[in-house]
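Colleague: Pasting in a structure now, in structure tokens, and then I'll have a few things to ask.
Values in this text are rule-based calculations from the coordinates and carry no lab data. Since the model is a prediction, treat every value here as computed from it, not as a measurement. Glycine also receives a Cβ, built like all others from the backbone with ideal geometry; neighbour counts cover every protein chain displayed.
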Ligand SMILES: [Zn+2]
């Protein structure tokens, strides 16, 4: 049986904030059908955080930073499931998801 997760409600405002940064090309990769398929397959196989086993707020992390390398980006052996907390602590020092006491939420 597959879990039918409720879809996140999409806020469909027409104002698109697309930052003109060098990483824009990288971001495009995440909108590709190939990535979406691969991501789903990966999460089907590994529906838990690699670090703590959490099944909440999962991200698919690239073990080796792909830096826009399409092959590395779509290399299934380069993927690892991480929860938001561990993904954030890896991808860098993002403080926005700490709660008031300073812990990661
Ligand atoms: Zn975790």
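Colleague: Can you tell me which residue is farthest from the ligand (Cβ to nearest atom) among those in region 55-87 that are more than 13 Å from the chain's Cα centre (by Cα), surrounded by 13 or more Cβ atoms within 10 Å (Cβ to Cβ) and assigned to a helix (DSSP H, G or I)?
Modeller: That would be 72.
Colleague: Scan region 34-54 for residues that are within 16 Å of the ligand (Cβ to nearest atom) and surrounded by 13 or more Cβ atoms within 10 Å (Cβ to Cβ) and jot them down. Break it down stepwise before answering.
Modeller: Of the residues in region 34-54, the ones within 16 Å of the ligand (Cβ to nearest atom) are 42-43, 46-54.
42, 43, 46, 48, 49, 50, 51, 54, listed by residue number.
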